[in-house]
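*Asks:* Take a look at the following structure, please.
The values are calculated or read from the model by the stated rules, or taken from the named source; none is laboratory data. Bear in mind that the values here come from a model prediction, so they are computed numbers and not experimental data. All Cβ positions, even for glycine, are placed from backbone atoms using ideal geometry, and neighbour counts span all protein chains on display.
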Amino acid sequence: MRLKVSNQVKYSVLTGFAIGSVVFVVSSILPTTYKAYNTFYVDRLSDSQNSDYFTYEGIYSQQTAEKFTDSIKGLLESKNILGLALSDAEFTDSQALRKKLEESLVVRKTGPQVLFVQVKGFSDDNEDSSVESKAVLESLTSIIENYVSQINSESGKQILFKKVEEHPTVEKVNMYPAVNAFAAFFLVSVLGVSFFEFKKYLKE
């Protein structure tokens, strides 16, 4: 028995193949980009000499650290801090460059007192994206460390902002051309066939 394939299905598959091929080529020729990331732990030292250390003082310290974690997240994402980080990393701070950094920055709270921070290469010179991403993340870290130190000296809160790794991890951002191409092919083909079948159903 010969299987008959409709012209609509052929068209959908061919369109999916064409778009998938374009996605594969584009993904293959895009410049190499790198990302730098690190994880940070925020805590508040308690007065261990206090008899209520494991009750009121311990709970208060944890709550203070959790709230301060949110504050640090907000600072890392603020335009002012990003501008300072660009300057400290010896980039010319501009509104356009700050916008690119803002889009490439990921600050995610992965626990009550844990922050994951990632910076992707963001300038037009992608050959140096591994250097720039690491430099900016180190600048952001230094700025927050100085801020925490200033808060501690002025208020005596004894907040800790600790890096999980001494230096940021730098990795290449994989584009996965074959995966992207297959995903585009599959999506376009399925949507195309579904569209023609739905159109056929409406006519009936």
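*Asks:* Please enumerate the residues belonging to region 126-136 that are in contact with a Lys or Arg (Cβ under 9 Å, 6 or more places away or on another chain) and at pLDDT 85 or above.
*Replies:* Residue satisfying the conditions is Ser133 alone.
*Asks:* Anything in region 68-86 that is without any contact (Cβ under 8 Å) to a residue 24 or more places away in the chain and among the polar types (S, T, N, Q)? List them, or say none.
*Replies:* Ser71, Ser78, Asn80, listed by residue number.
*Asks:* Quickly run through region 48-78 and pick out the residues that are modelled with pLDDT of 90 or more and assigned to a helix (DSSP H, G or I).
*Replies:* Thr69, Asp70, Ser71, Ile72, Lys73, Gly74, Leu75, Leu76, Glu77
*Asks:* Restricting the first residue to region 138-154 and requiring it to be farther than 20 Å from Gln118 by Cβ, which pairs with a second residue that is surrounded by fewer than 14 Cβ atoms within 10 Å (Cβ to Cβ) meet a Cβ separation below 9 Å and a spacing of at least six or different chains?
*Replies:* The qualifying pairs do not exist here.
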